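Let me begin by presenting the structure, written as structure tokens, before commenting on it.
The values are calculated or read from the model by the stated rules, or taken from the named source; none is laboratory data. Note that the structure is predicted; figures quoted are calculated from it, not measured. Note that each Cβ is placed from the backbone with ideal geometry, even for glycine, and that neighbours are counted across all protein chains shown. Ligands, DNA and RNA are stripped out before the accessible areas are found, and what is left, the full protein with its side chains, is counted by its heavy atoms. Shrake-Rupley method; radii C 1.70, N 1.55, O 1.52, S 1.80 Å.
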Amino acid sequence: MTQSKEEVSVLLTFVRHGETLYNRSRTIQGQLDIPLSNEGLEQADKLGRFIKCNAQKTHGTQCFSFVPTPQLIVKSPLSRASETAIRVRKEAGWESIQMLDNDLVKEICFGQCEGFK
């Protein structure tokens, strides 16, 4: 007798943090905890609003979901990633979605090169 296997589908969506002053000046940041610039804060807000606006589009009587609601938000503990995730979650209307820090998604360390152009 053969057992049937239940298929599980997982959708992963990756979002990069908003701009930092180090990004703008092309400075290596690696794991240095550089916060978002004003532009980066606005980028995160815009992404959240875009997600909210595109979460459900109606075409006639059918509703299509283009951006599914996540079950969990996994983010780097660095402030630029945290600020991005917090702002996107708020603007998208996902305040009830749990966020989890995970070092495995932290930017790689560039050692002594961090802070140099």
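Selection of first residues in segment 87-112 that are more than 17 Å from P77 (Cα to Cα) and of second residues that are among the acidic types (D, E), restricted to Cβ pairs under 7 Å at least 6 apart or on distinct chains, gives the following pairs, ordered by first then second residue: E91/D45. Taking segment 65-100 as the range and being over 22 Å from Y22 (Cα atoms), of a type outside the set (A, V, I, L, M, F, W, C) and open to solvent by 40 Å² or more (accessible area, probe 1.4 Å) as the test, the residues that pass are S65, P68, T69, Q71, R89, K90, E91, G93, E95, S96, Q98. Picking from residues in segment 22-40 that are part of a helix (DSSP H, G or I) and within 22 Å of D103 (Cα to Cα), the one that is least open to solvent (accessible area, probe 1.4 Å) is G40. When segment 1-21 is filtered for residues that are closer than 21 Å to K106 by Cα and outside any helix (DSSP H, G or I), the ones remaining, listed by number, are L11, L12, T13, F14, V15, R16, H17, G18, E19, T20.
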